[in-house]
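Please read the structure below before turning to the comments.
Bear in mind that the values in this text are calculations on the coordinates, not laboratory data. Note that the structure is predicted; figures quoted are calculated from it, not measured. Here Cβ is always computed from backbone atoms with ideal geometry, including for glycine, and neighbour counts include all displayed protein chains.
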Amino acid sequence: GATDAARAAAALVLLAPGLRVIVRALEISRQIFGRMEAYTVYRIAETIRVLYFMALSILLLGFYPVTALMIILLALLNDIPILAIAYDRAKISPRPVRWDMYELLVMSTVLGFAGVASSFTLFFLLAEYWKLPHDLIRSIIFTKLVVAGHYTIFNTRVKDWFWKRPWPSAALALSNLGTSLLGTLVAVYGFGLVTPVGWGWGIFIWGYATAWFLFNDAVKMWVLRMYWNKRFLFAPGHFTLLRRLVGG
């Protein structure tokens with residue numbers, strides 16, 4: 001009875017002898033923390049990327065960039081890779097970790113508005129340079145939001161260049177690739193859901209999203225270096241009111 005009561009009250013139950021189990025518990029907890037950080041940055045950045053682009057397109061340009069059905073498809077395609085973040089290989093910090101909401105807010109906001117810039121750049125190329133019909137523009141933008149949004153997961157999962165270890169888990173990599181390809185197939189062939197764009201535009205969007213993915217990773221490293229060196233946005237005494245508001 002006493003053992004059961006102790007287990008119920010304990011924050012951590014050791015099921016094996018020795019100190020190694022404590023070390024393993026710390027490693028797992030820091031991995032979980034890393035996954036939570038990555039998800040938080042991704043979720044905020046993705047929300048800014050999609051919602052701000054849609055809102056500004058409607059308010060400033062009078063153009064609806066995606067249909068209601070496309071929004072539903074986008075949400076469904078995003079959900080599977082998001083679930084796989086729970087099984088990703090997160091980097092284990094050598095030091096104790098804590099939430100720095102100011103850093104997370106800065107990183108996610110910068111990545112989010114970089115995504116907004118990439119979407120508007122694509123829109124003006126399609127509408128003003130190539131002068132494509134609006135239905136085709138919506139399908140191309142839908143493809144871009146799917147592919148680029150999935151790329152954003154790889155921008156946010158490690159605090160380093162995206163190719164550095166730990167590499168993505170099989171679950172995250174395969175779910176990400178699978179849903180990206182599924183979204184591309186929907187856009188290419190239409191299937192009665194969207195205006196088909198064809199393989200030419202499908203391949204173009206993958207190239208366009210890849211180029212911005214590399215740019216966004218460089219932007220991420222720029223923000224991280226500011227954070228590590230405590231410069232500009234992260235310099236002591238700067239933006240103190242904002243830091244207090246977000247608890248950073």
>> Please compute the contact order of the chain in relative form: average sequence separation of alpha-carbon pairs under 8 Å and at least six residues apart, divided by the residue count, as a percent.
In response: 24
> Fully extended, how many nm does the chain gain between Ile72 and Ile32 (0.36 nm per residue separation, minus their Cα-Cα distance)?
Replying inline: 11.5 nm
>> I'd like the FRET efficiency for Leu51 and Ile203, computed as 1/(1 + (r/R0)^6) with the beta carbon distance as r and R0 of 25 Å, rounded to 0.05.
In response: 0.35
> Whose amide H sits under 5 Å from the amide H of Ser169, counting only residues 5 or more places off or on another chain, with H placed in the peptide plane?
Replying inline: Arg89
> What size of dipole, in debye to the nearest 20, comes out for the chain about its Cα centre when the only charges are +1 on Lys and Arg C-beta atoms and -1 on Asp and Glu C-beta atoms?
Replying inline: 920
> Relative to the present Cα-Cα distance, how much length would full extension add between Ala25 and Trp130 at 0.36 nm per residue of separation?
Replying inline: 32.2 nm
> How would you rank Glu27, Glu128, going from fewest to most other Cβ atoms within 10 Å of each one's own Cβ?
Replying inline: Glu128, Glu27
> How far apart, in nm, are two points set 7 Å out from the Cα along the Cα-to-Cβ line at Trp99 and at Arg225?
Replying inline: 3.0
> Between region 25-77 and region 190-216, what's the alpha-carbon centroid distance in Å?
Replying inline: 18
>> How big is region 33-246 along each principal axis, measuring the range of its Cα positions in Å and listing the largest first?
In response: 52, 39, 25
> What ³J(HN,Hα) values, in whole Hz, does the Karplus curve 6.51 cos²θ - 1.76 cosθ + 1.60 give for region 220-235 when θ = phi - 60°, with x put for Gly and Pro?
Replying inline: 4, 5, 4, 5, 4, 5, 4, 5, 5, 8, 6, 10, 6, 4, 10, 5
> Pick from Leu132, Leu74, Leu104: which is most flexible by mean-square fluctuation in a GNM of the chain where alpha carbon atoms under 10 Å apart are linked?
Replying inline: Leu132
>> Report the gain in length on full extension from Leu61 to Arg165: 0.36 nm times residue separation, minus Cα-Cα distance, nm rounded to one decimal.
In response: 33.2 nm
